[in-house]
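Read-outs throughout are calculated quantities, based only on the coordinates presented, and are distinct from any laboratory measurement. All figures in this text were calculated on a predicted structure; none of them were measured in a lab. Heads up, the Cβs are rebuilt from the backbone with ideal geometry, glycines too, and the neighbour counts pull from every protein chain shown.
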Amino acid sequence: MKKFTKKELNPEEQKEKERLQRKKSFNGLTAKEWASLSKNVWNDVSSPRVKKHLDHGATFPEKLANRFIQMYSGEGDLVLDPFLGTGTTLEACRNTNRHGVGIELNERFIPYAKEVCKQSTLGNSVNLQVIHDDCRNMLNHLEEESVQLMVTSPPYANFIQRSVEDRKKTHKTSLIKHANKSTVNQYSEKEEDFGNLGYKEFLEGLKDVMTKLYKVTKKGGYNVWVVKDYRDTKNKIPYIEFHSDLAKIGEEAGFKYHDLIVWDQTGQRKLVLLGYPSVFYTNQNCSFLVVLRKPNGN
């Protein structure tokens, strides 16, 4: 029987093959790039934290945002971050030739985000915009079905306040604060700040935001939420499955629960004793990347 072997392409043929693949795929990726980005556990997206990240205390890496944008949008698409913070999502938009808009409630983060817009190296080809407002008002700033991709990490209810208090007492000399170089700062004292709400009120507020996100997201567009589950052992709640609660809210708004990616942060965080010596708890050294998609309507 004749044995068939795969034909080796010369450089020009390979280049043309990749060009056709990029033209065919909605996000401009080749088949090889598409496959390489399809891992559902990520441990290679951390990046150094600078002053503005420490001032905020809960930013995600630019490399993480870059990957989302490459996976779920194409060049020239509009990317939204409704909880912009210091502007990481806009940095990623600038690097990947996407238009970006971010909404941020707290004025102390606005200068950081606006500086990102000033640093754009792509001239007029990319439009980056910072809006100082409550994201509940996003329909005042965005047209319906204009956003291809939403990327954000929301404030975790009153988790910040509880963490600040915890660092002052239980973990004031622990590895969480020192070896892990973990900082926690309350964003503001504003009543409308999601970071100042109890968990139940927080979820109710997210329902409102999710409904509006559904309206501004294009058919077939994506929403990516970077979140962590957590514990409330002081109130005898050993585990709060935030990523699942968030996905349910998204489905209620009309999105499809499209994917779940685990961001493994073990390499950046040392293990500490939790519940010792009476109750054994594992360290929450990962975040969940909840991917929602608006149906195409086909």
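Below, the figures for the structure above:
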quantity	calculated
Over 20 Å between alpha carbons, listed pairs Lys200/Lys248; Lys215/Lys256; Lys39/Lys294; Lys248/Lys294; Lys207/Lys256	Lys39/Lys294
Relative contact order (percent, whole number), the stretch 202-282, Cα cutoff 8 Å, 6+ residue spacing	25 percent
Ranking of Val279, Val101, Val209 by count of other Cβ atoms within 10 Å, fewest first	Val279, Val209, Val101
Formal net charge of residues neighbouring Ile249 (Cβ-Cβ distance under 11 Å; K, R +1; D, E -1)	-3
Peptides 108-118, 221-231, 235-245 ordered by average Cβ neighbours within 10 Å, highest first	221-231, 108-118, 235-245
The stretch 12-22 - phi-based ³J(HN,Hα) in whole Hz, Karplus 6.51/-1.76/1.60, Gly and Pro as x	5, 5, 5, 4, 5, 4, 5, 4, 5, 5, 5
